[in-house]
Every structure is written in C-alpha cells, then in structure tokens.
Amino acid sequence: MADTGLGCAIHHLSMLALICLLKFAVAARMVQKPQLRGSLGPDLQATQTCLPIEVHLAVSDDRWDIRATWRTQGTGCSSSVSYGLADPTGRRLLDKPLLQSGGSSYTISEGLMCDAPASDRPFTVHMHTAVMSDLEPGALYWYSLGNRDSTWTFRAPPRADADQRLSFIAFGDMGESNVKARKIPKAAATVKAIAAEIDRRPVDLILHVGDLAYADGKFKVWDSFMAQIEPLASRIPYMIGIGNHEAGPCSSGNDLDPSGEGPYQPDWGNYGSESGGECGAMAAHRFIMPGLGNLEARRGAFAAAAAAATAQVRAPITADTGATSKAAAANAGERPPGAGASVPDSVGSGPSALFRRALVSSSAASAGFVREEVRLKAAAGAGKVELQPRKGSGSVGEEARTEDYGDDATGDQNDDENEEEEAKFDAAAVGKAAGQAAAADLSPPVSHHPPHLIYRRNSPNPPFWYSFASGPVHFSMLSSEHDLEPGSTQQSWLESDLAAVDRCRTPWVIVMLHRPMYVVYPHKDNRVVGDHIRASIEDLLLDYQVDVVVSGHVHTYYRSCSAAGGKCVLDERKGIVHLVVGTAGHELSNVEDDQKDWCDEVINDWGFGRFDVDGDVLRFSFTRTGDGRVADSLTLRAKVSRGEACDRARGAALVD
C-alpha cells in the first residue's frame with residue numbers, strides 16, 4: 001500500500017483506487033495553465049486561418065488564362081497559385097513543368113457598401129486572387145492556392161474558334177438554402193443536380209445571370225452562398241451577371257457605386273433597393289470578371305479589387321516572393337494578344353511596386369481616384385492592397401466584428417425574410433473567424449470623378465457589362481439594373497462589342513441579362529420593364545444577328561419562339577430565341593397558361609439550362625432539379641454560319 005499524498009492510499013485495484021486516480025487527475029489539471037475552449041496553438045491557428053475557402057474560377061482578360069479567387073479567415077496569407085498539367089485522376093504529371101503565379105490580396109468591409117443595412121454591420125472579408133496563364137486549351141490541370149497542400153482540378157476552356165465544341169450551363173436566381181431556406185428551398189438541390197450533370201457530361205463554363213446569393217446586405221449569406229457553389233465554381237469557370245438583388249440605386253452617391261453610373265430609377269420601372277445597400281459592391285469584389293485591364297479608371301468603391309486584379313494581369317510578379325513566375329519568365333515580352341500594354345520600368349519591381357504598376361497601367365494614378373487612402377503594404381511578401389480608415393471614423397475592434405456574425409438575425413429592422421431560420425444559422429460554419437481576425441475598420445478610398453475622367457464609352461465595366469469568347473461562342477453580359485437606352489454608356493459599349501465579333505471565329509453570339517425582354521403573364525410590372533428594355537436594344541440585337549438571349553428574374557422556365565417586336569416571326573433569322581431560366585433555387589412564380597403571342601414552352605419547376613454547341617449547331621435542354629430529367633429541348637442553327645462569315649471576311653480582305 002502506498003500513500004499518494006492526496007489523503008488516500010491505493011490498495012490493489014479497488015474502487016478506492018479508481019477514486020484516488022480521479023482525484024489525482026483533477027489536481028494535475030488544476031496546476032496547468034488555463035486555456036480558452038477551442039483555442040489553437042499559434043502554428044495550428046495560422047494554418048487554419050490561411051486555408052483557402054470559397055474558391056471559384058473565372059475566365060480572365062486573356063483567353064488563355066483562368067483566374068482563381070478565394071477567401072481566407074486570417075490576414076497575411078499567401079496569394080500565390082501553383083498549377084500544372086494533370087493526369088485523368090487529377091494528379092500532377094511529374095514530367096510536366098510546375099507553374100507558379102503570384103497573386104494579390106484585398107479586403108472587403110462594410111465601408112465599401114453603399115447604403116444601410118449593408119453599411120451598418122461591421123465585417124471584414126479577406127480576399128485573394130491570382131491568374132493561371134499559359135494554359136493548353138482543353139487540358140486538365142491541378143492547382144493549389146496560397147502554398148497549401150489541398151488541390152483542385154479544372155479543365156482549361158477551349159480556344160475561341162469555330163472548330164471547337166463548347167458546353168455550358170446557365171441559370172439565374174439561385175440563392176442559398178441555409179439561411180433563407182423558406183424562400184429559397186431548392187438552391188442546394190440544384191447545385192447537387194448540376195454537379196451530377198457535370199459528372200455525367202462535363203461542361204466548360206457556368207453562367208449565373210443575376211440574383212446570386214439574395215444576401216440583400218447580409219454578408220454572412222454571401223459566405224453561405226459561396227461555400228454552397230464551391231464544388232462547382234472551384235472546377236469550372238463561374239461567370240456571373242448582376243441582378244436586382246446585387247445592384248440598385250446608391251443614395252450615398254456615385255463614389256460608393258462600383259459601376260460608376262448614376263442611380264437608375266426610371267418612373268416606368270420597378271427598380272428598388274432589393275440589394276440591401278450593396279449596390280453591386282459585394283458581387284463586384286467577390287467575382288472578378290474579364291475586362292478590368294481595359295478600364296480607363298476604376299471607381300472608388302471598387303479600387304481595391306480592381307487594383308489587385310489589374311496588378312496580376314499587368315505585372316506578372318509573384319507577389320509573395322517578388323520573383324517573376326516561371327510561366328511569365330517563359331513568355332517575357334511576349335504576352336498573348338489581349339494582354340495589354342507593357343508596364344514602364346520606372347515603376348520598379350517587387351511587391352512594393354505591384355500596386356504602382358496597376359495604377360500606371362489603368363491610368364488611375366493621374367486621375368487621383370485612389371489617392372493616399374489606398375496603399376500597398378510594403379512588408380516582404382505581403383502584396384496586399386489595404387484600404388485605410390476614413391478620417392474620424394475610428395476603428396472597430398475584434399469584439400464588435402465578431403459579434404456581428406451572431407446578431408444579424410435579430411438586428412435588421414428592414415428585413416422581411418425568415419428571422420427564425422436566420423437565428424438558427426450557424427455562422428461559424430461559414431467563417432466566423434474572419435470577423436475575429438479583423439481589428440481595424442477598413443473603409444473605402446476617397447474617390448473624385450472629374451468629368452473628363454470616366455470610362456471609355458466602348459470599354460467593358462465588369463461585372464456589370466463585359467464580354468468574352470470561348471469555343472465557337474461570343475458571350476455578351478449586360479446589366480438590366482443600369483441604363484440600356486440609346487445614348488447610354490452601356491448601349492454604346494454593347495454596339496461596339498457586337499460590331500467587333502468575328503463570326504468566322506465565333507459564329508454564335510449569346511447575350512445575357514438578368515431581367516427578361518419578354519415576360520410571361522401575370523407579371524405586369526416586369527412586363528413593363530421588359531418592354532422598355534426591348535424597345536432600347538432589340539433592334540440592335542437583331543441588326544447584329546444575335547442568336548439567343550438568356551435571362552432570369554422571373555422564377556420559372558419559359559422559351560420563346562424566334563421573336564421580334566413582341567411576336568413570332570416566320571423567318572428565324574429575323575428573330576431571337578429568348579430563354580428565361582430563373583429556376584435555380586428561389587421559390588417559383590405563378591404563370592398563366594395563355595402566352596400565345598410568342599411563348600413556345602412554359603415549365604413551372606426548378607432546374608437549369610444546358611447548351612452544347614458544335615460548329616453551326618446548338619442543342620439546348622432544360623433539366624429538372626428534382627429528377628435530373630430533360631423537360632424541354634431545342635436545336636438551333638447559327639444565324640451566321642461559319643462558311644458564310646469566313647467568305648465575308650475573305651471578300652473584305654480582297655477589297656482592302
């Protein structure tokens with residue numbers, strides 16, 4: 001028998017022995033340093049906060065490039081991307097080069113939001129973006145982000161050429177089924193249905209034509225939405241358009257409107273504040289679409305993301321090391337067509353020059369759009385654009401930012417959504433630590449808009465209006481939340497964009513916008529808006545022989561005949577087929593049966609559209625979310641065949 005010193009003795013393996021062992025264990029824990037529940041050691045904590053989450057891909061400015069954008073919960077994380085050719089299982093081909101590209105980081109905060117309630121809730125989102133270049137069209141690649149071990153795969157889109165095949169999926173009005181499950185019951189199910197479809201028959205692109213997250217000013221809903229689409233968007237370029245739940249009139253003025261356009265609220269329309277004060281800022285910062293490199297200047301609310309993206313495109317520097325990437329070194333001085341002008345050597349090199357190069361390239365430095373409020377953090381390997389607090393704004397500490405994740409469901413007096421579901425939502429699952437990591441109020445750069453320093457009228461304004469080509473298709477994305485009337489900036493760009501299409505190379509032209517031009521009954525207000533949009537741009541689309549228009553907004557599926565002037569036309573080359581696919585998740589709309597003037601098919605069910613383009617033939621199908629079955633299909637021939645377009649081009653060349 002032995003004395004333990006704890007007031008009892010151990011004798012064989014009796015009950016008393018077990019009790020004494022328990023007392024010893026309790027005493028031992030009492031002398032240990034107390035730890036916070038759930039706390040991590042410094043190394044493990046850094047590892048967790050730098051994990052890439054909400055990963056999504058997009059076509060970049062150059063048709064050979066793919067952009068990766070992601071979020072981390074902490075600061076100071078790497079923004080680089082490593083990538084290379086993969087075998088059919090997604091593993092790296094060891095006999096192929098390992099490529100690496102430096103990226104940039106930027107921060108989204110409530111200071112970038114336009115109006116309340118989005119601007120009233122403290123939050124910080126740490127974003128990263130990098131471009132993968134020198135890709136082989138159609139080849140399978142693996143990639144990893146921020147020097148992490150996790151890898152993803154994607155297939156490089158086909159080159160823009162009539163000989164290439166292209167498959168893509170399109171839809172609108174998805175939302176997320178976690179926070180807003182009552183009003184958006186089928187978003188998660190549609191994502192699963194699309195994933196199953198892609199596993200059966202791969203696609204090259206996904207197009208989401210507006211009403212993305214239905215966050216309406218609630219940043220945590222964005223986190224949930226981005227996590228929901230990551231299984232799709234991390235493997236296939238996810239191209240977006242702007243809907244009424246992303247953009248809206250900005251009562252605070254144009255300085256906080258990332259589009260740089262004035263408020264658009266015509267007296268004949270139902271344009272309101274459905275975005276909850278985001279006014280396009282959240283969508284524009286989370287989804288970097290092609291066209292940033294062609295801007296004359298970028299507005300204040302979008303300066304950080306634009307500068308980060310433009311820096312990557314214009315200055316192929318590995319931001320985390322200051323070294324030129326292998327991919328860039330192999331092509332020094334030989335950027336592919338569309339890469340833009342070279343950057344003057346006078347701006348220097350390395351991370352400290354990254355942002356200066358972006359400003360020189362985009363002509364924003366002389367305009368003073370970014371001013372001293374935006375600076376590049378010069379710490380080694382940072383490569384990060386930071387937005388400084390507005391004077392007198394003070395800073396918001398960790399506690400305030402962290403608590404906002406929990407009080408969203410009860411603190412918004414303007415929210416008519418389901419508060420009970422929101423209160424049950426576990427924000428920690430979608431990145432609560434992002435708020436805990438932020439200790440300063442990052443507000444937008446002050447921006448002035450001299451009358452002579454505006455967007456070039458023929459320049460894209462992504463993600464509001466922009467275009468890109470892939471395979472045999474030219475895509476033009478429009479914003480139905482901005483002015484499309486004759487004389488508007490957007491219509492001027494649209495006309496120049498359509499006029500520049502090479503139908504010999506891309507015989508198909510598809511236009512996308514959130515609000516449809518043709519609207520089914522009984523949606524009277526939407527019909528009025530559709531009639532005005534049609535009056536503004538239908539003749540232009542007909543003149544340039546646009547093949548298909550894809551929209552959402554109305555929460556049902558319907559397909560028009562070849563329509564013009566509000567009715568069907570016998571000669572299909574003199575009309576346009578309109579496909580409305582606002583069926584990706586939101587609760588459905590009521591639709592009346594009598595649509596005889598121009599409507600060929602109506603299906604009031606959730607689902608998505610699939611397009612398979614091969615030469616002059618396009619096959620479309622609408623697939624139901626519930627059972628994965630095709631509910632409607634259509635085959636079209638290009639209005640301008642490749643042979644006809646190439647003959648025209650050769651004839652024009654002979655005349656010249």
When you scan the range 101-109, do you find a residue that is out of contact with any helix residue (DSSP H, G or I) (no Cβ under 7 Å at 6 or more places or on another chain), polar (S, T, N, Q) and on the phi > 0 side of the Ramachandran plot, even just one?
no
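Output the residue which, of all residues in the range 573-586 that are part of a strand (DSSP E or B) and touching a residue at least 40 places away in the same chain (Cβ under 8 Å), is surrounded by the most Cβ atoms within 10 Å (Cβ to Cβ).
Within the range 573-586, the match that is surrounded by the most Cβ atoms within 10 Å (Cβ to Cβ) is Val580.
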Consider the range 177-236. How many of its residues are in a helix (DSSP H, G or I) and hydrophobic (A, V, I, L, M, F, W, C)?
18
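State yes or no: is Gly262 buried (at least 24 other Cβ atoms within 10 Å of the Cβ), at pLDDT below 85 and either under 19 Å from Gly111 (Cα atoms) or not assigned by TED's automatic domain parsing to the domain that holds Leu207 (or both)?
Numbers: buried (at least 24 other Cβ atoms within 10 Å of the Cβ): no; at pLDDT below 85: yes; either under 19 Å from Gly111 (Cα atoms) or not assigned by TED's automatic domain parsing to the domain that holds Leu207 (or both): yes.
So Gly262 fails the test.
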Name every residue in the range 616-634 that is in a loop (DSSP other than H, G, I, E, B) and without any contact (Cβ under 8 Å) to a residue 24 or more places away in the chain, in order of residue number.
Asp627, Arg629
I'd like the full set of residues that are under 20 Å from Ser476 (Cβ atoms), under 14 Å from the mean Cα position of the chain (by Cα) and of a type in the set (Lys, Arg), limited to the range 50-79.
Arg67
Being out of contact with any His (no Cβ under 9 Å at 6 or more places or on another chain) and either modelled with pLDDT under 90 or under 26 Å from Ala247 (Cβ atoms) (or both) is true for just one of Pro88, Pro42, Pro97. Which residue is that?
Pro42
Anything in the range 514-530 that is in contact (Cβ under 8 Å) with a residue 60 or more places away in the chain and outside any loop (DSSP other than H, G, I, E, B)? List them, or say none.
Asp525, Asn526, Val528, Val529
So for the range 497-506 (the condition being in contact with a strand residue (DSSP E or B) (Cβ under 8 Å, 6 or more places away or on another chain), within 24 Å of Asp257 (Cα to Cα) and either crowded, with 21+ Cβ neighbours inside 10 Å or in the same structural domain as Val613 (by TED's automatic domain parsing) (or both)), does at least one residue qualify?
yes
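Let's see how each residue does on (1) touching a helix residue (DSSP H, G or I) at 6+ places or on another chain (Cβ under 7 Å); (2) under 21 Å from Ala196 (Cα atoms); (3) free of Cβ contacts under 8 Å to residues at least 60 places away in the same chain; (4) of a type outside the set (Gly, Ala, Ser):
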| site | (1), (2), (3), (4) |
| --- | --- |
| His208 | no, yes, no, yes |
| Asp216 | no, no, no, yes |
| Lys220 | yes, no, no, yes |
| Asp223 | yes, no, no, yes |
| Ile229 | yes, yes, no, yes |
| Met239 | no, yes, no, yes |
| Ile242 | yes, no, no, yes |
| His245 | no, no, yes, yes |
| Cys250 | yes, no, no, yes |
So Val125 ticks every box in (1) hydrophobic (A, V, I, L, M, F, W, C); (2) surrounded by fewer than 23 Cβ atoms within 10 Å (Cβ to Cβ); (3) touching a helix residue (DSSP H, G or I) at 6+ places or on another chain (Cβ under 7 Å) but one. Which box is left unticked?
(2)
Take the residues of the range 587-627 that are β-branched (Val, Ile, Thr) and surrounded by 19 or more Cβ atoms within 10 Å (Cβ to Cβ): which is farthest from the chain's Cα centre (by Cα)?
Val591
Limited to the range 533-563, what total is found for residues that are in contact with a Leu (Cβ under 6 Å, 6 or more places away or on another chain), surrounded by fewer than 20 Cβ atoms within 10 Å (Cβ to Cβ) and not aromatic (Phe, Trp, Tyr)?
1
Can you pull out the residues in the range 46-72 that are outside any strand (DSSP E or B) and either farther than 14 Å from Met226 by Cα or touching a Cys at 6+ places or on another chain (Cβ under 7 Å) (or both)?
Ala46, Thr47, Gln48, Thr49, Cys50, Leu51, Ser60, Asp61, Asp62, Arg63, Trp64, Asp65
Given the residues Val548, Val569, Val581, which is the only one that is over 30 Å from Ala181 (Cα atoms) and touching a Gly at 6+ places or on another chain (Cβ under 6 Å)?
Val569
Could you tell me whether any residue of the range 153-161 is surrounded by fewer than 22 Cβ atoms within 10 Å (Cβ to Cβ), touching a residue at least 12 places away in the same chain (Cβ under 8 Å), in a strand (DSSP E or B) and touching a Lys or Arg at 6+ places or on another chain (Cβ under 7 Å)?
yes
From (1) among the small types (Gly, Ala, Ser); (2) at pLDDT below 95; (3) in contact with a strand residue (DSSP E or B) (Cβ under 8 Å, 6 or more places away or on another chain), pick out the condition that doesn't hold for Ser177.
(3)
Suppose the filter is within 16 Å of Ser109 (Cα to Cα), among the charged types (D, E, K, R) and modelled with pLDDT of 90 or more; does Asp223 pass it?
yes
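Given the criteria assigned by TED's automatic domain parsing to the domain that holds Phe620, touching a residue at least 24 places away in the same chain (Cβ under 8 Å) and in contact with a strand residue (DSSP E or B) (Cβ under 6 Å, 6 or more places away or on another chain), does Ile533 qualify?
Working: assigned by TED's automatic domain parsing to the domain that holds Phe620: yes; touching a residue at least 24 places away in the same chain (Cβ under 8 Å): yes; in contact with a strand residue (DSSP E or B) (Cβ under 6 Å, 6 or more places away or on another chain): no.
Answer is no for this residue.
Every residue, every condition in (1) touching a residue at least 12 places away in the same chain (Cβ under 8 Å); (2) among the polar types (S, T, N, Q); (3) not in a helix (DSSP H, G or I), yes or no:
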| position | (1), (2), (3) |
| --- | --- |
| Asn458 | yes, yes, yes |
| Pro463 | yes, no, yes |
| Ala469 | yes, no, yes |
| His474 | yes, no, yes |
| Ser479 | yes, yes, yes |
| His482 | yes, no, yes |
| Pro486 | yes, no, yes |
| Gln490 | yes, yes, no |
| Asp497 | yes, no, no |
For residues in the range 532-574 being acidic (Asp, Glu) and modelled with pLDDT under 95, which is nearest to Leu212 (Cα to Cα)?
Glu572
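The values are calculated or read from the model by the stated rules, or taken from the named source; none is laboratory data. This structure is a prediction, so every number in the text was calculated from the model and none was measured. Using ideal geometry, Cβ is built from the backbone for each residue, glycine included, and neighbour counts are taken over all protein chains shown.
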